[in-house]
Amino acid sequence: MDEPLGALDTEMREAMIRELRALHDRLGATTVYVTHDQLEAMAMADRIAVMNHGVVEQVASPRDIYDRPASLFVADFIGSPPMNFLPFRDSLQAGARTVRLGERDVAIPAVREALPESDLVLGVRPEHVRFTDQGMVRGEVYGSEYLGTTQIVTVTTRYGALKARSPASISFRTGENIGLDFRPDTLSIFDKQSGRAIRTALYEGGAHG
Amino acid sequence: MAEVEIRAVSKAFGQTRAVSELSLTVSDGEFVALLGPTGAGKTTTLRLVAGLETPDSGSIRIGGRDMTGDAPADRDVAFVFQQYSLYPHLTVFENMAFALRAPIRRVPEAEIRAKVHEVARMLHIETKLDNKATQLSGGQMQRVAIGRALVRSPSIYLMDEPLSSLDAKLRGEMRLELKRIQTDLGATILYVTHDQTEAMTMASRIGVIEAGRLMQIGTPREIYENPVNAYVAARLGQPAINLLPAGLFAGLPPAAKTIGARTEHLTIVRGGGDVAATVTRIEHLGDQSHLHLDLGGLPVVTLSDPEANLGAGDVVSLCLNKPLFFDAAGGRVAV
């Protein structure tokens, strides 16, 4: 199927996603489905193959693609708003539980490979950013987008604009100086040059395709 | 920019009433989104303001002047169509300059060049100005279509789902950009969409439209937290609000026939809640997981706490936390 729902409006598309998936469950028909819409892929597929310039970068279940992205491209492509990327430079020892980000040690899932000093990228999903006064990273609130249950808060930091998903009940002032913390067990580390995800304890939980 | 006032406008096509007694004022510098499903009358409303349709009754005032019978060219409006509608034989520059070169405007050529370059820079298409308009990606063509409107300084920009043909990622970026441009220019925009996220994140006020009628108008937060009826309540929120029969829970207001429970109105506990429900499925959509529950045969969808570790077949208990109530006709019941 080649983007069969591409031309529909949101509500119709959501209804069709459920119908197509129910149809598939009933018929058990082998299906390869092409889409640029991540919601369609995440909601319907048993497995997703994320493609970039003719190369399959990762094949895995929707959950693994989201929680354990194999490359920077996959991490950036899946997720709305996409994953935040904080560049830093460090060397890694097997078994390390922290990385050096600016003047602070940031707790991460245990590293499973050694790496000489190189340019790395810390990946944080917006929903894993928390607001605390003692935060790892400080910044100024640039603006917030109200979504009903939640809101997306954009914070300008020395690592660029970071996005956080927070309950809509909290209010932020534009220009307010706030601290950000990251949930340690969900963080990804990427090699900036190759885009490859560094092996950590996080990646042992999932089944790889 | 100017204030635009739609006064009790109706329009029918044959037996079909497309717009019924619709009144709406867009203030100078305001961004108003009309939100509704396909066929609700959103595009007809825009076309009535533009003068592409003539109302059967009611009037359209722009900048305090009655323009109901005036031709589109005399109304000083700029329209961005859903299907880019670019001139395929012209370059990006010529497409954007086209409206400024109209004989009735007589803009000097140097001014045209300066304006097109300024807007192209704002939309990040300044390197594409010499390309043929059709040799662009969908996202770039859409920027050209928006740019063609922005080179002018009309009384109001009328935009008909300008982002709907873009992919999710580009749409997210364009939402932020369009909002920033609107704030910078102080532009007055009437924007039509079926996408609740676009309406919520960009608009100063949202008008919810259904079957040609304006059901409610207010800020995104007012519409979301304080909907006038069950229909409006169902338009906003992901996952959608759960509408449940009042009989399921005790201690409700007497007039309430339906309970409207959004994710934030439902607390899930392992035991000791008001009613029991069975987990049928957990849908991992990435940034959020939808928890599908069976509540005595009724489907209920809420957000799942990632820490809760629930699985299909688990029995949970639900508590209501200040939900919305609706009467038999769907109208809101005050608490």
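Would you mind giving the average projected area, over all directions, of the Cα convex hull of segment B:197-270 in nm² with one decimal?
Details: hull surface 25.1 nm².
The directionally averaged projection comes out at 6.3 nm².
Restricting attention to the alpha-carbon atoms of segment B:1-156, what are Rg (one decimal) and Dmax (integer), both in Å?
17.1, 51
Treating each Cα of segment A:115-209 as an identical point scatterer and ignoring solvent, apply the Debye formula and state log10 I(q)/I(0) at q = 0.17, 0.24, 0.25 Å⁻¹.
Debye curve over Cα of segment A:115-209, log10 I(q)/I(0) at q = 0.17, 0.24, 0.25 Å⁻¹: -0.82, -1.21, -1.27.
Among B:LEU252, B:LEU24, B:LEU324, which one shows the highest mean-square fluctuation when chain B is modelled as a Gaussian network with alpha-carbon springs under 10 Å?
In the Gaussian network model the winner is B:LEU252.
I want the local charge near B:THR193. Using Cβ-Cβ distances under 10 Å, sum +1 for each Lys or Arg and -1 for each Asp or Glu among the other residues. Walk me through the intermediate numbers first.
Working: positive: B:LYS42; negative: A:ASP9, B:ASP160, B:GLU161, B:ASP195, B:GLU198.
Overall, the nearby charge balance is -4.
Over 31 Å between C-alpha atoms is what I'm after, so list which of B:LYS132/B:LYS169; A:LYS163/B:LYS132; B:LYS169/B:LYS322; B:LYS11/B:LYS128; B:LYS169/B:LYS257; B:LYS128/B:LYS179 land there. Let's see the in-between values first.
Working: B:LYS132/B:LYS169 25 Å; A:LYS163/B:LYS132 36 Å; B:LYS169/B:LYS322 35 Å; B:LYS11/B:LYS128 41 Å; B:LYS169/B:LYS257 41 Å; B:LYS128/B:LYS179 23 Å.
Pairs exceeding the cut-off: A:LYS163/B:LYS132; B:LYS169/B:LYS322; B:LYS11/B:LYS128; B:LYS169/B:LYS257.
Dimensions of chain B along principal axes (Cα, Å, largest first)?
Cα extents, longest axis first: 75, 45, 34 Å.
Ratio of segment B:242-326's C-alpha Rg to 2.2 N^0.38 Å, to two decimals?
Values: Rg = 12.6 Å, N = 85, 2.2 N^0.38 = 11.9 Å.
The reported ratio for this selection is 1.06.
Of B:ALA199, B:ALA211, B:ALA114, which is farthest on the positive side of the dipole of segment B:4-235, counting Cα position, with +1 on Lys and Arg Cβ, -1 on Asp and Glu Cβ, and the Cα centre as origin?
It is B:ALA114.
Rg and Dmax in Å for chain A, alpha carbons only: what are they?
18.9, 57
As a test, work out the antiparallel percent of DSSP beta bridges whose residues both lie in chain B, rounded to the nearest 5.
75 percent
At R0 = 41 Å, how high is the FRET efficiency between B:ASN321 and A:ASN52 if r is their beta carbon distance? Nearest 0.05 is fine. Intermediate results must be reported in sequence, preceding the final value.
Working: r = 44 Å, r/R0 = 1.06.
Efficiency, rounded to the nearest 0.05: 0.40.
Top mean-square fluctuation among B:GLN135, B:GLN15, B:GLN83, Gaussian network model of chain B, C-alpha springs under 10 Å?
Residue with maximal mean-square fluctuation among B:GLN135, B:GLN15, B:GLN83: B:GLN15.
Hey, got the dipole for segment B:242-326? About the Cα centre, +1 on K and R Cβ, -1 on D and E Cβ, debye to the nearest 20?
Numbers: 5 positive and 8 negative charges, 68 e Å.
In debye, rounded to 20, segment B:242-326 gives about 320.
Would you mind computing, in nm to one decimal, how far apart the modelled labels at A:ALA29 and B:ALA276 are, each placed 7 Å from Cα along Cα→Cβ?
Here the modelled spin labels are 4.0 nm apart.
For A:GLU11 and A:ARG130 in the same chain, what is the full-extension length gain: residue separation times 0.36 nm, less their Cα-Cα distance, in nm?
Numbers: separation 119, 0.36 × 119 = 42.84 nm, distance 3.17 nm.
In short, 39.7 nm is gained.
Jot down the per residue volume, in cubic angstrom and as a whole number, of the convex hull over the alpha-carbon atoms of segment B:80-190.
Values: hull volume 11.1 nm³, N = 111.
Convex hull of Cα atoms, per residue: 100 Å³.
Measure off 7 Å from each Cα along the Cα-to-Cβ vector at B:GLU109 and A:GLU204, then give the distance between these two points in nanometres to one decimal.
7.2 nm
Mind pulling the angle between the C-alpha long axis of helix A:10-27 and the longest principal axis of chain A? Nearest 10 degrees, somewhere in 0 to 90.
Here the helix axis deviates by roughly 60 degrees.
Consider just the alpha-carbon atoms of segment B:175-218 and return their Rg together with their Dmax, both in angstrom.
According to the Cα coordinates of segment B:175-218, Rg and Dmax are 11.3, 34 Å.
To the nearest whole number, what is the average tally of beta carbon atoms from other chains within 10 Å of the beta carbons of peptide A:38-44?
Details: counts 6, 3, 1, 2, 5, 5, 0.
The per-residue average across the peptide is 3.
Taking the Cα centre of the protein assembly as shown as origin and charging only Cβ (+1 Lys, Arg; -1 Asp, Glu), how large is the dipole, in debye to the nearest 20? It would help to have the intermediate numbers written out before the result.
Working: 57 positive and 66 negative charges, 99 e Å.
Computed about the Cα centre, the dipole is about 480 debye.
So what's the convex hull volume per residue for the Cα atoms of segment B:70-125, in Å³? Please report the intermediate quantities before stating the final value.
On the way: hull volume 6.1 nm³, N = 56.
Roughly 110 Å³ of hull volume per residue.
Please compute the contact order of segment B:88-160 in relative form: average sequence separation of alpha-carbon pairs under 8 Å and at least six residues apart, divided by the residue count, as a percent.
Values: 64 pairs, mean separation 33.4, N = 73.
Relative contact order here is 46 percent.
If you take every residue apart from B:VAL107 with its C-beta less than 11 Å away from the C-beta of B:VAL107, what net charge results, scoring Lys and Arg +1 and Asp and Glu -1? List each step's numbers first, then the result.
Numbers: positive: B:ARG101, B:ARG105, B:ARG106, B:ARG113, B:LYS115, B:ARG152; negative: B:GLU109, B:GLU111.
Every neighbour counted, the sum reads +4.
Compute the label zone of B:GLN135 within segment B:90-107: residues whose backbone N is under 15 Å from the point 7 Å along Cα-to-Cβ.
B:90-95
Using a Förster distance of 41 Å, how high is the FRET efficiency between A:ILE170 and A:ASP90, based on the Cβ-Cβ distance and rounded to 0.05? All intermediate terms of the calculation are to be shown ahead of the outcome.
Values: r = 32 Å, r/R0 = 0.79.
The calculated FRET efficiency here is 0.80.
First check a/c for the protein assembly as shown, with a ≥ b ≥ c the square roots of the eigenvalues of its C-alpha gyration tensor; if it is under 1.5, answer rounded, and if not, answer prolate when a/b is larger than b/c or oblate otherwise. Working shown, then result.
Numbers: a/c = 1.84, a/b = 1.23, b/c = 1.51.
Taking the square roots of the gyration eigenvalues as a ≥ b ≥ c, the protein assembly as shown is oblate.
Read-outs throughout are calculated quantities, based only on the coordinates presented, and are distinct from any laboratory measurement. In this text the structure is predicted, and so the values were computed from the model without any measurement. Glycine also receives a Cβ, built like all others from the backbone with ideal geometry; neighbour counts cover every protein chain displayed.
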